[in-house]
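Just below is one structure, and these are the notes that go with it.
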Amino acid sequence: MDLEGIEHSRDRALLRQKSRDFYWYSPVLKRQLDGKSADLWARPRNEDEVLQLLRECRAARMPVTARGGATGNYGQCVPLEGGLVLDLTAMAAPISLTDGVLEAEAGAKMIDLDLWARERGWELRIWPSTKRTATIGGFVAGGGAGVGGMSHGTMRERGNLLGVRVATLEDPPRILDIEGDAANPVNRTYGTTGIITRVRIPLAPAQAWRDVAISFAEFPEAARFALAFAFADGIAKKMCAVFDSRLPPFFRGIADAVPQGHALALVMVTAAGMLALREMAAEHGGSIVAEQDAVAAERDPAATPFYEYCWNHTTLQVLKKDRGVTYLQCRFPFEGTLESVEAVRAKFPDEVWMHTECVRFGGRITMTALPVIRFTTEERLAGIMAGFEEAGAGIANPHVFTIEEGSGYRRVPGDQLGFKRRVDPLGLFNPGKMLSFTE
């Protein structure tokens, strides 16, 4: 292969490191994916080097698995059939910011883009709890939900992804520039439908955000507050998460502030919304126990922004001390949301440590959940998922590594399969991750 001028390596230790993400959250995926590794790692600096690598891989029939910050949880960047791990982290520059639209290279860290945009009066609309390490291309390719979702929805909502540049494995490989709905085939498809090289997203005007921790004597009180807060249109907000009383002790930075046995709500609200938040918390029996400047906290390597206790970080905080747990991803119904949450808690009082996030889907507010699950067997885990579904919750199974099996309610509309057949006729992009594709 002609790799002249491109950073690359065949070192086995490096390949093992670069062939992993956070799939080990799942004991199921850990059993299936441990030991999988690429044969070659390369880190291109620009689109020309990406195309050079893809030409070589096509000629050699070598699989190509894209990698950004590798903060995903489903084995997206674990190569099932060896080949090349294509590391996009050297392509990390913001390109432009015009009329609130940001264009950036796919390997740019989301924290860097947000701080760069803030210097110009703007901020990201949505980001994952891994904002300080995740890349924008990886968020589009394998994430798409997180902080900001209660105001702007997920990345699948029309208007949250404006366009992408994508490298293909056609003969010869080329760069496509696609926008609007035409970009849906690369949205949350794990790099199976092309290598994202640039992303265009809309921003929001920059705000002064406050992280606020509110304790409640009981979980139902905290959940009622959270949903009421999510529906309070007059309060500008970014996040509201609710945690079972068993979870705050794992949150090192704020654990001591939460009374023992109390449930917790973590909120991200504008400075202008603090008065209304205090009044609403008091109405629901909550007490503010901690508060900080959210932007200052994420700029400080020694501090913990509260979103790093939320979304998929909740499970990570617990796993640091207790490796006998895993998690689920689900969405509760729009009607009877709290009743559905309580039905699950009653059904699995010891095995499910409830953690919900308020989020908007298609203009409607509900709670999605990433509960921590006490793991015993795969059969019992399947039984718990069935119990969630019986209570009206939709499941996006995080214990599988294919798009079709894991998407559930998070599937992005569009003809991903048709697009893949056009741009990857040999099936070399991240093979094994799209069940419906046949070479």
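The values are calculated or read from the model by the stated rules, or taken from the named source; none is laboratory data. All of these numbers come straight from a predicted model, not from anything done at the bench. Heads up, the Cβs are rebuilt from the backbone with ideal geometry, glycines too, and the neighbour counts pull from every protein chain shown. Remember, those area values only see protein heavy atoms, side chains included, never the ligands or the DNA or RNA. Shrake-Rupley method; radii C 1.70, N 1.55, O 1.52, S 1.80 Å.
With the convex hull constructed from alpha-carbon coordinates only, segment 102-195 shows a mean projected area of 5.9 nm² over all directions.
Report the local net charge at D415: Lys and Arg +1, Asp and Glu -1, summed over other residues whose C-beta lies under 10 Å from its C-beta. Kindly include the intermediate steps, with their values, before the conclusion.
Details: positive: K420, R421, R422; negative: none.
Taking every other residue near D415 into account, the sum is +3.
Derived value for segment 126-257: Kirkwood hydrodynamic radius 17.3 Å. Basis is the mean of 1/r over every pair of different alpha-carbon atoms. Over segment 58-207, what relative contact order in percent results from Cα pairs under 8 Å that are six or more residues apart? Relative contact order for segment 58-207 comes out at 25 percent. For segment 172-218, the Cβ-based charge dipole about the Cα centre amounts to some 220 debye (Lys, Arg positive; Asp, Glu negative; other atoms uncharged).
Here the contact order of the chain, divided by its residue count and restricted to Cα pairs under 8 Å and six or more residues apart, works out to 17 percent.
Taking the centroid of alpha carbons for each part, segment 227-258 and segment 8-28 are 33 Å apart.
Could you state the accessible area per residue of the chain in Å², with a 1.4 Å probe and every protein chain left in place? Working shown, then result.
On the way: 16400 Å² over 439 residues.
The answer is 37 Å² per residue.
Placing pseudo-labels 7 Å out from each Cα toward the beta carbon at T377 and A346 gives an inter-label distance of 2.8 nm. For segment 9-83, the list of trypsin sites (Lys or Arg not before Pro) that fall in a loop by DSSP and count at most 14 other C-beta atoms within 10 angstrom reads R10, R61. Set against the 2.2 N^0.38 Å expectation for a compact globular protein, the chain has a Cα radius of gyration ratio of 0.96.
Leaving ligands, DNA and RNA out of it, report the carbon-plus-sulfur percent of the accessible area of segment 168-318 at a 1.4 Å probe. The partial results should precede the final answer.
Values: 2680 of 5490 Å².
Its accessible area is 49 percent carbon and sulfur atoms.
Restriction of the GluC sites (Glu not before Pro) in segment 241-325 to DSSP coil positions whose beta-carbon has at most 15 other beta-carbons within 10 angstrom yields no sites.
I need the shape label for segment 1-159. Rule: rounded when a/c is under 1.5, else prolate if a/b > b/c, else oblate, with a, b, c from the alpha carbon gyration tensor. Don't skip to the answer; put the middle values down first.
Values: a/c = 2.38, a/b = 1.39, b/c = 1.72.
It is oblate, given that a/c is not under 1.5 and a/b is not larger than b/c.
Relative contact order for segment 1-121 using alpha-carbon pairs under 8 Å, separation at least 6, rounded to a whole percent?
Values: 200 pairs, mean separation 31.4, N = 121.
Computed value for segment 1-121: 26 percent relative contact order.
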